[in-house]
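Notes to accompany the following structure.
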Amino acid sequence: RVATQSRGKVALCRMRGRADPVALNQQEFISAALNEGLRIDGRAPYDFRELSIRFRGLGHVEAAIGHTRCMCSVSAEIVEPPPERPNAGVLTLYCELSPMAAPEFRIGRSSDRAVELGQILERGLKQSKAVDMEALCILAGRKVWCIRLDVHVLDNQGNMTDCANLAAIAALMHFKKPEVVVTGDEVRVFSVEERQPSPLSILHSPLSVTVGFIQTGGEEGDVLVVVDPVLQEEETSVGVMTITQNSNRELCAMQKLGGVAVPVSTILKCNEIAAVKVTEMSEFLQRVLKEDNLQRTAVPTGKNKRSFAEVKDGETAEPLPMAVDPEPEPAPVAQPCQLKKEEPQAEPNRGQEPQAAAPEQLNQADEQARPAVVVKKPKKQLKVPGGSGSKGEGIDLTRALNKKKKKNCLLYTSPSPRDS
């Protein structure tokens, strides 16, 4: 009968869209372990899980507390200010709890957890005036910056409020809005490649700490306090309280919805614990932002520009030199014109000793080359007949004598080297 009733409760919870309840024996085990100063994951009652922050881009942050992960993105646009505050900007918050985070969440349905998370973030960021809203004014009464903050819960393994708050404040401190210039009534917005964007004016960094109250087996008002409860501890606790403070130990917000009555001494004790934890988280946040700022290179204002998206996660970017006005190039010096000599095409066997050819090839070559020799032969060249006595050699003596206007002129041949 007990097993049947338990299965019925589990089925009813699943039909209503709630997570599976924690069994009674597991609740008793968690309470007994806390009485001895132990927790189910091996931590002390006032210890936080491991913190992690990863920057995906300007204003895009993924924060994790243990296995609980949240992602936050910040965007900006120019809108008209509200009539009641014409000199202040606008900050809007949107929270989304998808079934990817937990099976109890539904798409398109605003659950109580989403409303509660939005209220805590709005009280800690907007009502505490963490962002200087007047610094977002461009033209009074006409144009102001509207900062949109989108929070997405990726995985809920307990204490998603602190994880979402850490991601939100980290995204606001990491975001940079475009630079604007006002000329009369005109507003010019420069892109990231044209001018280096400017960060938001953050007055202080509020961080939240969530504590859970778990009932022990003693008196009715006797409860144990655990910091950063996991999912099983949240289901076992009889009340949860969220305290938001900044690094100056100033109380920004406090919220406790339902649960058992808690004495004032316990609340003051939780406030002191939250002050210590907020200081540690603030130092961790500042260190992570400083490391990311060193890895990212500022955009120069000249031609050699580099966008922030070019710097990959985990890459140490080398600093780029600031652009200066380029020096004018010297005028080209006139050089004397040099005519390029055309090299004659190399004829076959020119400058080389002739190779012996077959008689048939030689006769064919002589017949082809004989007309060319006759054409190239100079007409005015005087030749004296040699001793060979071959026909066709020499010229007419009478024609030569008429040209030189001399009579009875004998032509002599130059002595050959053999005769000398």
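The values are calculated or read from the model by the stated rules, or taken from the named source; none is laboratory data. Keep in mind the model is a prediction, meaning the values are calculated, not measured. Cβ: placed from backbone, ideal geometry, glycine included. Neighbour counts: every protein chain shown. Heads up: the accessible areas ignore ligands, DNA and RNA and are worked out on the full protein's heavy atoms, side chains in. Shrake-Rupley method; radii C 1.70, N 1.55, O 1.52, S 1.80 Å.
For region 110-135, enumerate the residues that are buried (at least 18 other Cβ atoms within 10 Å of the Cβ) and closer than 17 Å to residue 83 by Cβ. Scanning region 110-135 gives a single hit, 133.
Only one of the listed residues (91, 136, 117, 125) is over 25 Å from residue 179 (Cα atoms) and touching a residue at least 12 places away in the same chain (Cβ under 8 Å). That residue is 117. Being farther than 18 Å from residue 200 by Cα, among the charged types (D, E, K, R) and surrounded by fewer than 17 Cβ atoms within 10 Å (Cβ to Cβ) is the filter here; which residues of region 136-164 pass it? Selection gives 142, 155.
Beta carbons closer than 6 Å, at least 6 apart along the sequence or on distinct chains, pair a first residue in region 257-271 that is of a type outside the set (Val, Ile, Thr) with a second that is open to solvent by less than 60 Å² (accessible area, probe 1.4 Å) and assigned to a loop (DSSP other than H, G, I, E, B) for 259/238. Taking the stated definitions as given, is residue 270 surrounded by 16 or more Cβ atoms within 10 Å (Cβ to Cβ) and more than 38 Å from the chain's Cα centre (by Cα)? Yes: the conditions hold for residue 270. Screening residue 94 with (1) outside any strand (DSSP E or B); (2) open to solvent by 20 Å² or more (accessible area, probe 1.4 Å) gives one miss only, at (1). Which residues, taken from region 1-22, are in a loop (DSSP other than H, G, I, E, B) and either at pLDDT 85 or above or open to solvent by 50 Å² or more (accessible area, probe 1.4 Å) (or both)? Across region 1-22, the qualifying residues are 1, 16, 18, 20, 21. When each of 183, 216 is tested for being closer than 19 Å to residue 35 by Cβ and either hydroxyl-bearing (Ser, Thr, Tyr) or within 35 Å of the chain's Cα centre (by Cα) (or both), the lone residue that passes is 216. For region 36-90, filtering for residues that are at pLDDT 90 or above, among the charged types (D, E, K, R) and under 16 Å from the mean Cα position of the chain (by Cα) leaves 2. Can you tell me which residues in region 74-95 are under 22 Å from residue 115 (Cα atoms) and either β-branched (Val, Ile, Thr) or out of contact with any Phe, Trp or Tyr (no Cβ under 9 Å at 6 or more places or on another chain) (or both)? Matches in region 74-95: 74, 90, 91, 92, 93, 94, 95.
I'd like to check something: does region 62-69 contain any residue that is without any contact (Cβ under 8 Å) to a residue 24 or more places away in the chain and either of a type in the set (Lys, Arg) or within 18 Å of residue 231 (Cβ to Cβ) (or both)?
No, because not a single residue in region 62-69 is without any contact (Cβ under 8 Å) to a residue 24 or more places away in the chain and either of a type in the set (Lys, Arg) or within 18 Å of residue 231 (Cβ to Cβ) (or both).
Could you tell me whether residue 110 is at pLDDT below 90 and hydroxyl-bearing (Ser, Thr, Tyr)? So residue 110 fits the description; yes.
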